[in-house]
Amino acid sequence: MATHAAHAEHAHAPQAFIWKYVFSKDHKVIGIQYYVTAMLMALVAGLLAMLIRVQLAWPEKDYTWLGKIFPMGYDVGGGFGVMRPEFYAMLFTMHGTIMVFFVLSTAPVSGFGNLLIPLQVGARDMAFPFLNGLSYWTFLPGCLVILASFFVESGAAAGGWTSYPPLSALKGAVPGSGTGQTMWIIGMVFFIASFTMGGLNFVTTILNLRTKGLSMFRLPLTMWAMFLVAILGLLAFPALVAACIMLVFDRHYGTSFFIPAQIALNNVPLLTQAGTPLHQGGSPLLWQHLFWFLGHPEVYILMLPALGFTSDILSTFSRRPIFGYKSMVLAMCGIGFLSFIVWGHHMFVSGMSPYLGMAFAVGTILIAVPSAVKVFNWLATLYRSRIRFTTPMLWAMGVISLFISGGLSGVWLAQAGPDIHLHDTMFVAAHFHLIMAGAALFGVFGATAYWFPKMFGRLMSEPLGKVHFWFTFITYYGTFFPMHYIGIAGHMRRIYDPYQYEFLKPLQPINELITMSALILGASQIIFFVNFFWSAFKGKKAGENPWEANGLEWTTQSPPPHGNWPGEIPEVHRWPYEYSNPDAPRDHVMQHEPAGAAAGH
Amino acid sequence: MHDGGQAAVMEAHWGGGAAPFGATWQKTMMWIFIVTDALLFSGLLCGYAFLRQAAIQPWPKQSEVFSIPFIALMTFILITSSMTMGSAVTAARLGDHKKARTMLAITIFGGLCFLGCQAYEWSHLIHEGARLTGALPGSTLAAEGVPPVFTQAFFVLTGFHGSHVLSGLIILIVTLVRWSMRKTPSQGVEMAGLYWHFVDLVWVFIFTLFYLL
Ligand code: HEM
Ligand SMILES: [Cu+2]
């Protein structure tokens, strides 16, 4: 009997600390491990952002005290504590790499995905728990390698998070192109391997391990997001792996996949002893194509989970069924599909054929359609509802706000004409920080507050959560909105001292304002960490279903026991958005309640 | 905790109807992995195509650099091993223990022959002056005007495929041993078979795109 087997399974839950909490195969423990690791990485990457911002506001100041911490970063010996340009390049490279891959591809996907998938589809664990555990223990070394790269002699990688050759392909190009770039590649390979293992588990668990009655169109939208994200990752990352393989051959075995013949280092052409070019026939553009074939789907790997969380949270706290469930699913599928055919919009200035550029531009604009469908569905869900303004709800509305503001600037950048002016300016930094970084980050904060009970059995503090939200919301816009303006004014990105140009000097006050805002933004994250740890140990105990929500995860204890349900796994009778049905006795009907509980459906 | 036991528990709970695509999660996982791996090869092949398109020097005639009949023989060996693999899977499904074992062994032999041919081909080309970074100055190949991209793509593509054949062989050998000890169900043979077919299919692409076109 299934029940017996389930109970037997319980008896077998590992007892020793190391198997229970360290090398665990339990999806909840792995999810929390992923989440906590990613948030610690966020702390590092956030501090790097602070250094970047301080530099952009006051590049001429004396930072001798910072030079004591980062001896390779500041010209302390020369009498001044002025930042070295190459150190600035290392800062934004590592900031971007860590944030994109090790924080926001990890906390929402590997963190909440692992935590939620078995709980929301009604399974005792992921399909292949061993592979799942292995995936975390592959991820962690990746993090350590990336962090360690700051401490090697020539410093961390400095070719941007996109690692364009020749900066990444020639070991001697800039200091970070040596050991730092090698460690970047190693870290990324670890990351991709772990993401692939996780993705295989995600897809098979969602397809094959759903409980009785849970058809695909009864899945919470978060599950649809996880499903699509895993597929996106599995289809897109191989391109980067292929590129990295060629890059390693270029760097270490003398091939020239990405290096053309006419290349010079410090004005000295690279020649063999015979006087022929050392490299021949390669093309840096090949890297750009392969990288962005991954890179664009990657931004949706960041975004989609946040969109899923937002839908679920919105429905719960507006006590309304999500508007247009099927169109939401289709919109996400459409976004996922389109994300594979628009990568060229990152390369408008690479000299591509204008006809090709036009095709990429049209494809990109098309993404606005499913995106708008999502926004209008959210607004329709909210329309005339009685909203419960809890912390998760605030974050969800923040996601919508950022998704709209960031989406609007996306329409500018999608077209080749305007993009030629705006490319590589702070306008782009503003755009992607709002839509990709911001929406994903807010999604993670919302999901943390919402599913905290299923992590630690307690609720996060509401007052602290709200203070954290408002500080973050206001300073986030304060930091990134003015960047549009300085971008249009010509302030390029990835530049360590903009004021070396006369025409950028008037922008210094705005940069100071942005930096002030960024510093407050950074400082307010302390509230989150305090709230997180305090609530994990001292927070109010949450019952099974503190938010009166409908999903399967709310039918078991908080936190769920090993095996997720003490008894049998519940059967599903409806979708998870049955709120305010006038025919039902309560204002919500849970997925597992038998048909009698709700008339209709 | 026993994974087998746990898997059984979880499968007992799948009650949503027939499994999607009629496949267990193990097989689904194998399929998805194969798609991922296929995309990795597509990445490399697209890279090769891109650089070949962009090459300034004329592309050498493959029939002058390689012995195409020999490569065709390699291809033939590999496709035959795919057929014997198919027989092994059918036999395993029908419970014909001995036939499955024999067919697996023949498949492994075919794979080894292929690798042997490849080793021969590599050493032959290296002898003619092919190096990872390009043709050795003054060698036969250099005289034929072989551009660096050619040898780079050759070694990386065939080397990467060869390493897949090697891992496929390891999987097949493990499967054969476990099958002989009656430790793996027929699904184990099926999954090994999926991977082997995939490795063979990739070769067909490399053969067409690199040696013929
Ligand atoms: C704590 C708030 C943050 C601040 C103040 C901040 C600040 C900055 C700044 C000023 C730059 C531009 C540097 C330059 O181009 O010279 C930058 C680059 C970047 N940031 Fe952030 N950032 C923050 C959070 C994030 C998050 C959450 C992500 C997640 C995706 C992210 C991803 C990136 C990326 C991908 C780059 C581009 C790096 C490159 O040019 O290679 N940032 N950040
Ligand atoms: Cu893009």
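The values are calculated or read from the model by the stated rules, or taken from the named source; none is laboratory data. Bear in mind the structure is a predicted one, so any value in this text is a computation, not a measurement. When we count neighbours, we look across all protein chains shown, and the Cβ atoms used for this are built from the backbone with ideal geometry, even at glycine. Note: accessible area is taken over every heavy atom of the protein model, side chains too, but ligands, DNA and RNA are not part of it. Shrake-Rupley method; radii C 1.70, N 1.55, O 1.52, S 1.80 Å.
Computed over chain B, relative contact order equals 26 percent, with contacts defined as Cα pairs under 8 Å that lie 6+ residues apart.
Largest accessible area first, the listed residues A:Tyr21, A:Tyr476 line up as A:Tyr21, A:Tyr476 when surface is computed with a 1.4 Å probe on the assembled protein chains. Helix A:2-11 and the long axis of chain A differ in direction by around 60°, with both axes built from C-alpha atoms.
Sorting A:Lys466, A:Lys541 by solvent-accessible area of protein heavy atoms yields A:Lys541, A:Lys466, largest first, with a 1.4 Å probe. Scalar couplings 3J(HN,Hα) for region B:92-105, obtained by applying the Karplus form with A = 6.51, B = -1.76, C = 1.60 to θ = phi - 60°, are 5, 5, 7, x, 7, 4, 5, 5, 4, 4, 4, 5, 4, 4 Hz; x denotes Gly and Pro. Carbon-plus-sulfur accessible fraction, the protein assembly as shown (probe radius 1.4 Å, protein heavy atoms only): 71%. The angle between the Cα long axis of helix B:186-206 and the main principal axis of chain B comes to about 20°, on a 0 to 90 degree scale. Amide H contacts of A:Thr425: A:Arg493, each under 5 Å away and 5 or more positions distant or on a separate chain (H built 1.01 Å from N in the peptide plane; Pro and chain starts excluded).
When the C-alpha to C-alpha distance is required to be over 22 Å, the pairs from B:Lys27/B:Lys183; A:Lys25/A:Lys326; A:Lys326/A:Lys374 that qualify are A:Lys25/A:Lys326. Using the rule -39500 (n - 2.57) for each DSSP H run of four or more residues, divided by the residues of the protein assembly as shown, the 222 nm mean residue ellipticity is -21500 deg cm²/dmol. Could you work out the percent of alpha carbon pairs in region A:547-601 separated by over 16 Å, rounded to a whole number? Considering region A:547-601, 41 percent of its Cα-Cα pairs are separated by more than 16 Å.
Amide H contacts under 5 Å for A:Gly282: A:Ile259, A:Ala261, restricted to partners 5 or more places along the chain or on a different chain, H placed in the peptide plane at 1.01 Å from N.
One chain, two ends: B:Ala55 and B:Thr80. Fully extended at 0.36 nm per residue, the span grows by 5.4 nm beyond their Cα-Cα distance. Taking the chain by itself as reference, region A:212-235 contains these residues with an accessible-area loss of 20 Å² or more in the full protein complex (1.4 Å probe, heavy atoms): A:Lys212, A:Leu234, A:Leu235. Straight-distance candidates among the aspartates and glutamates for linking to B:Lys61, with alpha-carbon spacing under 12 Å and chain neighbours fewer than 8 residues away dropped: B:Glu144.
Could you please report the charge total around A:Gly465, scoring K, R as +1 and D, E as -1 over all other residues with beta-carbon less than 15 angstrom from its beta-carbon? Here the count lands on +4.
Apply 1/(1 + (r/R0)^6) to the Cβ-Cβ distance of A:Lys61 and B:Leu132, taking R0 = 45 Å, and write down the FRET efficiency to the nearest 0.05. Walk me through the numbers before you get to the answer.
Working: r = 49 Å, r/R0 = 1.09.
It comes to 0.35.
Here the Karplus relation 6.51 cos²θ - 1.76 cosθ + 1.60, evaluated at θ = phi - 60°, turns the backbone of region A:96-103 into coupling constants of x, 4, 5, 4, 5, 8, 8, 10 Hz, with x for every Gly and Pro. Listed by chain and number, the aspartates and glutamates whose alpha-carbon sits under 19 Å from that of A:Lys538, ignoring those within fewer than 8 places in the same chain, are A:Glu462.
Partner lysines whose Cα lies under 26 Å from the Cα of A:Lys505, excluding those fewer than 8 positions away in the same chain, are identified as A:Lys61.
Taking all protein chains into account, the per residue accessible area for region A:274-372 stands at 33 Å² (1.4 Å probe).
Distant-in-sequence amide contacts of A:Leu265, defined by a placed amide H-H separation under 5 Å and a gap of 5 or more residues or a different chain, comprise A:Leu270.
Once the Cα atoms are used to define both axes, helix A:284-318 deviates from the longest principal axis of chain A by about 30 degrees.
Taking all protein chains together, A:Cys143, B:Cys113 sort by accessible area into B:Cys113, A:Cys143, largest first [probe 1.4 Å].
In percent, rounded to a whole number, the relative contact order of region A:547-601 is 36, using alpha-carbon pairs under 8 Å and six or more apart.
Enclosing the Cα atoms of the protein assembly as shown in their convex hull gives a volume equal to 172 cubic angstrom per residue. When B and A come together, around 3900 square angstrom of accessible surface is lost from both chains combined, probe 1.4 Å. Would you work out if region B:24-212 is rounded, prolate or oblate? Take a ≥ b ≥ c from the square roots of the eigenvalues of the alpha-carbon gyration tensor; rounded if a/c is under 1.5, else prolate when a/b is larger than b/c, oblate otherwise. Note, shape of region B:24-212 comes out prolate.
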